[in-house]
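Engineer: One structure, pasted below without further comment.
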Amino acid sequence: MVGKDDKRFAITWKIKNFPYCFYGERQTIESPEFYAENVRRTKWILKISEEDALLSHFTVLIKRAEEDYGPASVKLNLKICLISNKGFSLKREGLVNTEFSKGTEKGFQKLLERAALFATRKEEFLPEDTLTVHCQFCEVYTTTTETEYVSALSQMAVDRKLFLATVSDFSQLDPGNSSKVNLQMLFSEDETSEFDPDRSHLSVMERNDYEEKLELRIFFDDEVGEFFSCKINVFDAEGQKLNCGKFDFLCEQYGPRILQCVLLPTKWDLMAKESSYLPGDTLTLHCELIIVTGDVSHLIKDSLRRMEDLNFEAECSSSSALDDFKNIYSDGFLCDVNLQTGAESFPAHKVVLGARSPVFKAMFVNDRKGTVTERVDLPDLDCGTVRRLLLYMYSDAVECLEWDSVRNLYAAADKNEIADQVLCIFPDY
């Protein structure tokens with residue numbers, strides 16, 4: 001039976017550097033184990049699996065722990081979704097009246113589409129290479145709408161480097177010969193992994209078709225990293241970029257680390273535009289390198305917040321008025337004002353801002369000179385806070401789970417006289 005203290009449970013799991021979590025034999029990333037005390041004292045983990053790199057989707061799974069303090073079996077209503085860069089639910093799947101015994105896992109194979117994740121909707125799904133998964137569940141007969149929240153973070157350790165690789169007397173390079181590469185580090189997150197400049201070089205490989213391909217080899221001093229990903233470009237005098245290729249390497253367990261790249265443009269491609277790409281007969285390659293160490297760190301935080309949550313019944317196939325209203329905001333449809341904070345601008349609608357906030361209403365009603373007709377500057381708010389504030393004003397939803405974000409949101413809401421509404425969502429704040 002469901003106890004009177006039983007509640008719904010929700011976890012938001014962020015995976016930083018998600019694109020670099022799968023390489024070689026590494027096919028799965030797991031969340032830290034989390035404890036749903038008010039759902040029969042059960043323990044769980046979330047997993048994302050890439051069983052086959054040729055498949056069109058990743059599989060998202062939830063697994064009950066082999067051992068916990070709960071009964072042998074529980075029946076749950078569950079839903080899981082992806083959260084966009086603006087805090088909206090992008091895709092959603094669910095289970096109704098589903099039994100979970102200890103050690104049982106259930107998978108969702110259509111939630112994470114590879115093409116959308118890495119190409120067509122990357123900005124929405126992977127802002128700053130971070131994927132956000134949100135999962136909610138409760139026992140089948142739970143009637144309370146109070147929800148216990150937990151936030152979790154998993155981060156694949158990577159070292160990002162920006163550097164220049166310069167080759168002098170480029171025109172003198174002949175097939176079979178090599179020239180020393182001068183390396184200049186512009187940025188590095190980890191100073192412990194250094195180049196070996198004495199062995200790094202650029203050589204010309206003459207193919208049967210006389211293309212004279214360019215091969216760049218950069219050696220590292222130590223055995224740091226399991227996987228390398230490098231993008232190389234050349235810029236002309238006007239700043240236009242010539243793509244020289246993106247190169248991925250799976251390193252051997254032992255032995256030296258070598259960045260070995262056959263560039264897309266040939267020697268003669270560059271020589272044909274010598275004035276643009278070879279000033280002073282010097283080739284300068286702009287390199288963006290990511291070294292994946294293979295270490296994954298985890299953090300889990302109990303927030304103990306409660307809020308009136310979403311309905312756990314099966315999702316209706318037709319969109320609701322609230323969904324349509326949120327889409328008007330997310331699509332930027334017929335926006336007539338921009339909220340400006342820092343370098344980012346957020347399109348919005350005066351009628352919505354005025355209806356939700358007396359401060360905005362007074363601003364627009366009294367704008368007789370038209371000074372804020374198209375733009376409102378918010379210099380004291382950061383971009384994340386403005387994004388969350390707009391999400392709430394359009395949808396009554398608050399997706400942030402970190403206390404610092406809650407404080408910033410409340411301060412912004414208080415300034416715009418909607419703080420009492422936000423406090424209804426965070427009564428323990």
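Engineer: Any idea which of A115, Y141, L76 is furthest toward the positive side of the dipole for the range 76-165, if Lys and Arg beta-carbons carry +1 and Asp and Glu beta-carbons -1?
Structural biologist: So the residue furthest toward the plus end is A115.
Engineer: While we're on this one: Set the Förster radius R0 to 45 Å, insert the Cβ-Cβ distance between A343 and E37 as r into 1/(1 + (r/R0)^6), and round the FRET efficiency to 0.05.
Structural biologist: My answer for the efficiency is 0.55.
Engineer: Taking 41 Å as R0, compute the FRET efficiency from the Cβ-Cβ separation of S276 and V96 and round it to 0.05.
Structural biologist: Computed FRET efficiency for S276 and V96 comes out at 0.10.
Engineer: Could you work out how far apart the two model spin labels at K47 and F364 are, taking each label as a point 7 Å from the Cα in the direction of the beta carbon, and quote it in nm?
Structural biologist: 5.0 nm
Engineer: Show me the chymotrypsin sites (Phe, Trp or Tyr not before Pro) within the range 32-87 that DSSP assigns to loop and that have at most 12 other Cβ atoms within 10 Å of their Cβ.
Structural biologist: The qualifying sites are Y69.
Engineer: Using the number of other C-beta atoms within 10 angstrom as an exposure proxy, rank L334, L264 with the fewest first.
Structural biologist: L334, L264
Engineer: Sorted from largest down, what three extents in whole angstroms do the Cα atoms of the range 79-149 have along their principal axes?
Structural biologist: Result, largest extent first: 40, 25, 17 Å.
Engineer: In square nanometres, what is the average projected area of the Cα convex hull of the range 139-190?
Structural biologist: In nm², the orientation-averaged hull projection of the range 139-190 is 9.3.
Engineer: Let me ask another. Which whole-number percentage describes the relative contact order of the range 1-149, with Cα contacts under 8 Å and a sequence gap of 6 or more?
Structural biologist: 34 percent
Engineer: Something else now. Give me T28, T266 ranked fewest to most by other Cβ atoms within 10 Å of their Cβ, as a rough exposure proxy.
Structural biologist: T28, T266
Engineer: Taking neighbour Cβ counts within 10 Å as the exposure measure, how do L389, L378 sort from fewest upward?
Structural biologist: Ascending number of Cβ neighbours within 10 Å: L378, L389.
Readers should treat all values here as calculations from the given coordinates under stated rules, not as data from a laboratory. Note that the structure is predicted; figures quoted are calculated from it, not measured. Because the Cβ atoms are built from the backbone with ideal geometry, glycine has one as well, and the counts that use them run over all protein chains shown.
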